[in-house]
Amino acid sequence: MDATRLQAELQTLIAGEIRKVADSQQSLSDQFTALNAKIDSIEAKTADFAVAGQVTAIADEIADEIAASGKRLDAVQATVASLEARIDDTSHKLQDLTPDKLLGDLPGRLDKLEQQGKEPGFDPQPLTESIQALQQEVEELRKKGSNKPQAAGGKARKKA
């Protein structure tokens, strides 16, 4: 019975060890499952971090565009202020403009023109008479020149 007893103790020991191994395997399996879940969670968060990095880059781009828009808005406001000043200046100039300033001393100018109309102007009659007299003299000289015979040898006649 010693052998049987020894065999029974060994089987009891082996059965206990098999249970311990099975429990250890189950514990390791549970730990692997938990570890895989944690790894999956970390991978998901890492993917979210990549998206968050993109969001940060987009936010930086938007901030740059907002700053540039602010500068453009400042330039537009400066231009508008300049235009408003010019419009105000032009408005004041138009308000100061009166018909008297635009036309000047119209009655005085009309009187001056009427005075000039009464003064004797250029009389073309003496000039016209002188031109007619010169034309008659030229015609007479032509008639005299055409009545004279030309000298032999083809000499050219003198011009009067």
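The values are calculated or read from the model by the stated rules, or taken from the named source; none is laboratory data. Treat the numbers as computed from the prediction; the structure is a model and nothing was measured. Because the Cβ atoms are built from the backbone with ideal geometry, glycine has one as well, and the counts that use them run over all protein chains shown.
Among the residues of segment 4-12, is there at least one that is among the basic types (Lys, Arg), in a helix (DSSP H, G or I) and within 51 Å of the chain's Cα centre (by Cα)? Within segment 4-12, not a single residue is among the basic types (Lys, Arg), in a helix (DSSP H, G or I) and within 51 Å of the chain's Cα centre (by Cα). Please give the number of the condition Asp48 fails out of (1) modelled with pLDDT of 85 or more; (2) under 60 Å from the mean Cα position of the chain (by Cα); (3) acidic (Asp, Glu). Asp48 satisfies every listed condition except (1).
Say whether the condition of being exposed (fewer than 10 other Cβ atoms within 10 Å of the Cβ), of a type outside the set (Ser, Thr, Tyr), out of contact with any helix residue (DSSP H, G or I) (no Cβ under 7 Å at 6 or more places or on another chain) and without any contact (Cβ under 8 Å) to a residue 60 or more places away in the chain is met by at least one residue in segment 4-13. The answer is yes, given that some residue of segment 4-13 is exposed (fewer than 10 other Cβ atoms within 10 Å of the Cβ), of a type outside the set (Ser, Thr, Tyr), out of contact with any helix residue (DSSP H, G or I) (no Cβ under 7 Å at 6 or more places or on another chain) and without any contact (Cβ under 8 Å) to a residue 60 or more places away in the chain. Of the residues making up segment 71-97, those that are among the small types (Gly, Ala, Ser) and at pLDDT 90 or above are Ala75, Ala78, Ala81, Ser82, Ala85. Filtering segment 87-114 to residues that are exposed (fewer than 10 other Cβ atoms within 10 Å of the Cβ) and of a type in the set (D, E, K, R) leaves Lys93, Asp96, Asp100, Lys101, Glu114.
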